[in-house]
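The values are calculated or read from the model by the stated rules, or taken from the named source; none is laboratory data. Predicted, not measured: the structure shown is a model, and the values here were computed from it. As a convention, Cβ positions derive from the backbone with ideal geometry for all residues, glycine included, and neighbour counts pool all protein chains shown. These accessible areas exclude ligands, DNA and RNA; they are computed on the full protein's heavy atoms, side chains included. Shrake-Rupley method; radii C 1.70, N 1.55, O 1.52, S 1.80 Å.
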Amino acid sequence: MNRLLLTAAVCLSAMGCATLSPERGHAELGALVQERVQVSTGWEKGTPPAEAVRERVHALLQDGLAREEAVRLALVNNPGLQASYESLGVSQADMVEAGLLRNPTLGAAIGFPNVSGSGPRLEFSLVQEVLDLFMLPARKQIARQQFEADVLRTAHEALAVVAETREAYTAVQAADTLLRYQTQLVAVFSAAAELARMQHEAGNIPELDLSLARAAWQEARVGLAREELALVESRERLNRMLGLWGEDTEWTVSEPLPEPPAEEPSLEHLERLAIERRLDIDAARKDVALMEKAVSLARGSRFFGTVEVGVDAERESDGLRLIGPSLVLELPLFNQRQALIGGLEARERQAERKLTRLSVDARSEVRQRRAALQTARRLVEHYSATLLPLRRRVVEQSQLQYNAMVLSPFQLLEARREEVRTYREYVETLRDYWNARNALENAVGGRLTDDAGGTR
């Protein structure tokens with residue numbers, strides 16, 4: 001009797017855990033993202049209502065779009081990421097399913113005698129698979145580890161979306177800056193071409209100088225068209241990341257491309273930090289532990305087949321009733337789960353190799369991104385402190401000598417072209433700096449500074 005009560009209690013306990021929670025997994029994912037990039041996903045309580053998402057989108061776009069506002073928008077509204085969020089519901093359902101007992105089977109049979117005068121023979125049976133009950137705790141543990149790994153993988157994908165969104169926003173900032181400068185350049189070259197026309201009509205410059213001035217103006221217009229297209233392409237890439245369409249795509253950038261900070265955080269020990277913080281590596285660790293548990297479970301149950309216990313009830317044609325227990329055992333004579341165990345062992349080794357590959361790749365990526373950031377910063381400082389001032393000085397001196405009729409208009413235009421080229425390279429280098437910094441943060445698995453703002 002006590003055993004029967006214990007079995008019933010275990011069954012009821014398993015049934016009590018068989019519930020789906022909308023926020024389960026999403027809350028843990030939101031905490032992981034918040035810890036690493038200091039931004040909320042907006043999905044901490046599960047799938048938000050569509051109207052709430054629309055209100056959040058409009059609120060973030062209302063007064064121009066800043067860099068971190070774009071990140072918040074992508075985390076809540078990126079279509080691909082939304083699909084990944086919803087996959088947590090699928091994973092949770094699998095976890096709950098793994099914690100459920102198999103349903104008992106109810107059988108019934110009726111037999112009619114071939115002689116008259118006898119009633120039908122009735123048989124009833126109620127059977128439950130018992131081995132499933134003993135395997136339930138291990139099966140639930142494996143499913144829970146799988147769910148936790150899925151949460152980590154989804155959080156890693158969310159961080160990748162954050163990194164890609166920041167890169168796309170930086171591209172828009174750079175394209176917007178170059179377009180404004182190119183627009184000013186077209187105006188300057190247009191005025192120079194008009195001045196050359198008047199000087200040519202007055203007989204002060206030859207036809208060659210006039211043609212050179214007009215060619216420079218037309219080349220500047222071609223450059224303007226290219227910059228306009230580059231800005232459109234950059235904006236549309238960001239629109240895709242943010243999941244925007246229709247009137248929502250008319251946003252404006254509220255922040256210019258910033259200069260690098262005065263000091264960089266410490267870039268030491270970043271490899272160790274990446275191994276500790278990267279969520280894809282953590283998920284791979286859980287996969288290894290999960291496969292170890294699965295292999296152990298398969299090995300421990302290889303000599304146990306199906307075990308079914310139940311109750312059989314029978315009523316004979318003469319009215320005699322029989323009732324008693326039943327037991328059905330599967331004899332593992334031929335199939336002792338050799339193939340299953342071999343496959344699980346191979347998957348365990350595969351998971352270990354994957355963890356090793358991710359760890360090696362992460363360390364290499366950190367070293368590469370760190371070198372790119374250091375080089376980009378040196379280049380930005382060199383352009384800012386040396387090349388740009390030199391180019392401005394060259395243009396100033398060329399203008400003075402042109403006014404003194406020492407230089408031709410062509411030489412002045414050439415000096416301006418070189419200034420434009422140098423400035424373009426500076427903006428692109430500044431863009432590369434922020435992309436390198438963003439890529440390093442993504443390689444490390446979060447910000448390069450701690451919560452207090454200090455260096456790591």
>> I'd like the full set of residues that are open to solvent by 70 Å² or more (accessible area, probe 1.4 Å) and either in contact with a strand residue (DSSP E or B) (Cβ under 7 Å, 6 or more places away or on another chain) or among the basic types (Lys, Arg) (or both), limited to region 217-236.
In response: Arg221, Arg226
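Counting just the residues of region 261-275 that are in contact (Cβ under 8 Å) with a residue 24 or more places away in the chain and not hydrophobic (A, V, I, L, M, F, W, C), which one comes out farthest from Ala362 (Cα to Cα)?
Ranking the qualifying residues of region 261-275, first place goes to Glu264.
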>> Condition (residue is touching a residue at least 60 places away in the same chain (Cβ under 8 Å), among the β-branched types (Val, Ile, Thr) and either outside any helix (DSSP H, G or I) or open to solvent by 60 Å² or more (accessible area, probe 1.4 Å) (or both)) applied to region 406-423: is it met by at least one residue?
In response: no
> Which of the following residues is modelled with pLDDT of 85 or more and not basic (Lys, Arg): Ala109, Ala163, Ala138?
Replying inline: Ala163
> Is it the case that region 252-268 has a residue that's outside any helix (DSSP H, G or I), out of contact with any Lys or Arg (no Cβ under 7 Å at 6 or more places or on another chain), open to solvent by 80 Å² or more (accessible area, probe 1.4 Å) and under 30 Å from Glu28 (Cα atoms)?
Replying inline: yes
> Looking at this structure, is Tyr402 surrounded by fewer than 21 Cβ atoms within 10 Å (Cβ to Cβ), in contact with a Phe, Trp or Tyr (Cβ under 7 Å, 6 or more places away or on another chain) and either in a helix (DSSP H, G or I) or of a type in the set (Gly, Ala, Ser) (or both)?
Replying inline: no
> Does region 188-237 hold any residues that are in contact (Cβ under 8 Å) with a residue 24 or more places away in the chain and assigned to a loop (DSSP other than H, G, I, E, B), and which are they?
Replying inline: Ile205
> Out of (1) open to solvent by less than 40 Å² (accessible area, probe 1.4 Å); (2) in the same structural domain as Glu418 (by the TED database); (3) over 30 Å from Arg378 (Cβ atoms), what's the single condition that is false for Leu210?
Replying inline: (2)
> What residue, of Arg285, Arg299, is modelled with pLDDT of 90 or more, among the charged types (D, E, K, R), in a helix (DSSP H, G or I) and open to solvent by 30 Å² or more (accessible area, probe 1.4 Å)?
Replying inline: Arg285
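Quick grid of which residues meet (1) more than 22 Å from the chain's Cα centre (by Cα); (2) outside any strand (DSSP E or B); (3) at pLDDT below 75:
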position	(1), (2), (3)
Gly324	yes, no, yes
Gln336	yes, yes, no
Ala339	yes, yes, no
Gln350	yes, yes, no
Arg353	yes, yes, no
Arg369	no, yes, no
> How many residues does region 55-82 contain that are open to solvent by 60 Å² or more (accessible area, probe 1.4 Å) and free of Cβ contacts under 8 Å to residues at least 40 places away in the same chain?
Replying inline: 5
